[in-house]
1. Excluding Thr91 itself, what net charge comes from residues whose Cβ is under 14 Å from its Cβ, given Lys and Arg +1 and Asp and Glu -1?
2. Please give the length that would be gained between Gln105 and Leu79 if that part of the chain were fully extended, namely 0.36 nm times their separation in residues minus their C-alpha to C-alpha distance (nm, one decimal).
3. Using R₀ = 41 Å, calculate the FRET efficiency as 1/(1 + (r/R₀)^6) where r is the Cβ-Cβ separation of Gln133 and Thr56; round to 0.05.
4. What lysines does Lys98 reach when the alpha-carbon gap must be under 21 Å and sequence neighbours fewer than 8 apart in one chain are set aside?
5. Once you keep just the Cα pairs under 8 angstrom separated by 6 or more residues, what percentage relative contact order results for the stretch 26-144?
6. With unit charges on the beta carbons (Lys and Arg positive, Asp and Glu negative) and the dipole taken about the Cα centre of the stretch 93-142, which residue among Gln114, Ile134, Ser103 sits farthest to the positive side?
7. If you add up the charges near Cys52, with Lys and Arg at +1 and Asp and Glu at -1, over every other residue whose beta carbon is less than 11 angstrom from its beta carbon, what do you get?
8. Could you check the simple spin-label distance between Asp96 and Val112, using points 7 Å along Cα→Cβ, in nm with one decimal?
Amino acid sequence: MRHIRPLFAILAVAALAATAAAQSDGKPQTVNGLQIAVTGLERADKAALKDCPPGTNTVNAVQRPGDELAVVTVSVKVLPEFKPTMMKRPTAAANDGKVYNTSVQLVDVGSVPQYSCQFIYRVPQGTKLKSLQIENATFDLAALEK
C-alpha cells in the first residue's frame, strides 16, 4: 500500500504536465464544438477590428504612442457537435500577469464552416504575451513571440 500512494502522486503530476503540454503545444483545442488553433501572432501599426467570423465591420485600430497592437490569428472549424451559444471575448495575458481585452466580438460563430479571425490587443510597447484565453481553453502565445 505504501508504494501505491507515491505512484498515484507521480501519475497525477504526469497527467497535469500532459494537460499543460496540450495547452501549449500549438495543437487545436475544442471549444463549444469549435476546433480552434492559434496560427499567428504579429505586431502592427493598425489593424481591422472585424468580428469573428469576419463580417462587414470596417473600424480600424491604430497604434498610439507608447502602445502597439498585438494581432493574434486563430483558425476556426465548426464541428458537428457545435451548438449556438453566446461566447465571451477572448483575452490575452502577458508575462507580467496583466490581462488585455479585445474589442473583436465572437458573433454567429457557426454561420460559416471554417474561417480565420484576428483578435487585436492594444498593449504597451515591448509587452510579451503569454497566453490567449477563449472560454475554457488556454492557448500558448509565448512560443510565437519573437
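The numbers here are math on the coordinates, done by the rules we state, and not lab data. Here the structure is a predicted model, which is why all the values come from computation and not from measurement. Backbone-built Cβ (ideal geometry, glycine too); neighbour counts: all protein chains shown.
1. On the way: positive: Lys88, Arg89, Lys98, Arg122, Lys130; negative: Glu135.
That sum, taken over residues with Cβ under 14 Å, equals +4.
2. Length gained, Gln105 through Leu79: 7.4 nm.
3. Between Gln133 and Thr56 the formula returns 0.95.
4. Lys88, Lys128, Lys130, Lys146
5. 31
6. Most positive-ward Cα: Ser103.
7. 0
8. Inter-label distance under the simple model: 3.5 nm.
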